[in-house]
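Shown next, in structure tokens, is the structure this report addresses.
The values are calculated or read from the model by the stated rules, or taken from the named source; none is laboratory data. Model, not experiment: these values are computed from the prediction. Reconstructed Cβ throughout: ideal geometry from the backbone, glycine too, with neighbour counts over all protein chains shown. With ligands, DNA and RNA removed, areas are computed over all heavy atoms of the protein, side chains included. Shrake-Rupley method; radii C 1.70, N 1.55, O 1.52, S 1.80 Å.
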Amino acid sequence: MRKLIPLSIVTAFLFTSLAADAQNFGLFINPIEERIIGEQAHNRRLATTVVQYPDPKLKNYIEVIGRSAARKRARFPEKFVFTLVNTTNPNAYASLGGFIYFHTGMFLWINDEAELASVMAHEVGHAVNRHVARTMNRDNVSKSLIKLRLLRRRNPQEFKELQIKAALALKSYGRDQEFEADAVATGLLGKMGYDPYGAARMNYQLHLIGLYSSKVNGTPNSTPLAWRTHPPSMDRVRRSLDQAKSQNYGDLPRYKKRYQNMINGLRLDLSDYGGPKQGYLRIYTVQEGENAQMISRRIPVRKPLDFLLATNGFDTADEMKPGMSIKIVSRR
């Protein structure tokens with residue numbers, strides 16, 4: 001089985017790609033330059049690496065939700081560009097200039113529209129707070145200071161130590177950005193008409209992805225490397241819960257059925273999970289007399305019971321009851 005692609009690789013490629021386009025600009029990237037660089041990188045990705053999922057209805061679905069979040073928070077929501085990427089690796093990310101990418105593999109782990117809205121609002125939060133540009137600016141400053149100190153002292157050991165200190169500072173900065181984007185997501189859900197607890201549930205799904213990955217790989221912590229630079233998922237859950245509790249929106253909908261109707265039949269490459277290269281995401285109603293163990297025997301991935309429970313947000317098999325509509329994967 002191929003392991004899930006670590007998000008660190010995605011992040012490293014993103015920054016390498018953006019850095020190539022940013023080389024003609026100064027030490028600090030302003031919002032106008034950010035849009036230019038982001039558009040250049042976006043066009044290059046579409047031409048070389050990004051394969052879009054060929055379903056206009058599903059693409060429109062994430063765009064409508066993403067733009068709804070942008071309208072509640074961004075100054076120029078019409079400038080956001082949303083791309084549905086055909087890849088199983090569960091990820092979503094915001095690039096420079098309001099270009100947001102959503103991987104189809106995320107649909108495996110999202111259980112209702114409120115959770116999906118929290119992901120889109122989270123990425124909008126990264127964009128409106130210019131997190132990628134601010135990180136690049138800080139990185140540029142760190143590199144420049146290291147070079148200046150190295151030129152002054154010409155001490156290779158000190159250069160190495162300064163690199164480590166700069167990397168640790170950026171890691172901490174990245175965690176603060178995740179908390180900031182989480183706060184935007186939780187704060188926007190109620191305004192968008194969704195259950196504000198959707199952000200906490202989505203963060204818990206990230207925790208379950210880590211647990212499943214650890215079981216499959218047989219290591220205590222095989223969470224993708226870039227997620228380790230994020231705050232621990234349970235810390236994010238607690239913060240999102242506290243923020244949702246402080247809001248007074250009442251009982252707002254999750255739109256689970258609508259979400260399930262949209263994703264039913266999604267084509268997925270399941271080889272990252274030890275399954276077939278051509279697979280499908282299906283919505284299945286648990287029948288009377290069935291249980292999680294029985295259903296999992298039909299799922300063509302490694303650790304099928306763990307996969308079934310984690311993707312549906314269950315901690316134990318007893319939580320799955322007859323009559324429930326759940327997500328499963330199949331060969332056809």
*Tell me, what is the percent relative contact order of segment 232-332, built from C-alpha pairs under 8 Å that lie six or more residues apart?*
27
*For segment 200-332, what does the alpha-carbon gyration tensor say about shape, rounded, prolate or oblate, given a ≥ b ≥ c as the root eigenvalues, a/c under 1.5 as rounded, and a/b over b/c as prolate?*
oblate
*For Asn261 and Ser330 in one chain, what is 0.36 nm times their gap in residues minus the Cα-Cα distance, to one decimal in nm?*
23.2 nm
*For Arg75 and Asp176 in the same chain, what is the full-extension length gain: residue separation times 0.36 nm, less their Cα-Cα distance, in nm?*
34.1 nm
*By average Cβ neighbour count within 10 Å, what is the ranking of 53-61, 286-294 from highest down?*
53-61, 286-294
_If I stretch the segment between Arg297 and Arg44 completely, what's the gain in nm (0.36 nm per residue apart, minus their alpha carbon distance), one decimal?_
86.8 nm
*Give the accessible surface of segment 174-332 per residue, rounded to a whole number of Å², with probe radius 1.4 Å and ligands, DNA and RNA excluded.*
48
*Under a point spin-label approximation (7 Å from Cα along Cα-to-Cβ), what is the Gln52-Asp318 distance to one decimal in nm?*
4.8
*Once you list every other residue whose beta carbon is under 13 Å from the beta carbon of Tyr53, what net charge do they have if Lys and Arg are +1 and Asp and Glu are -1?*
0
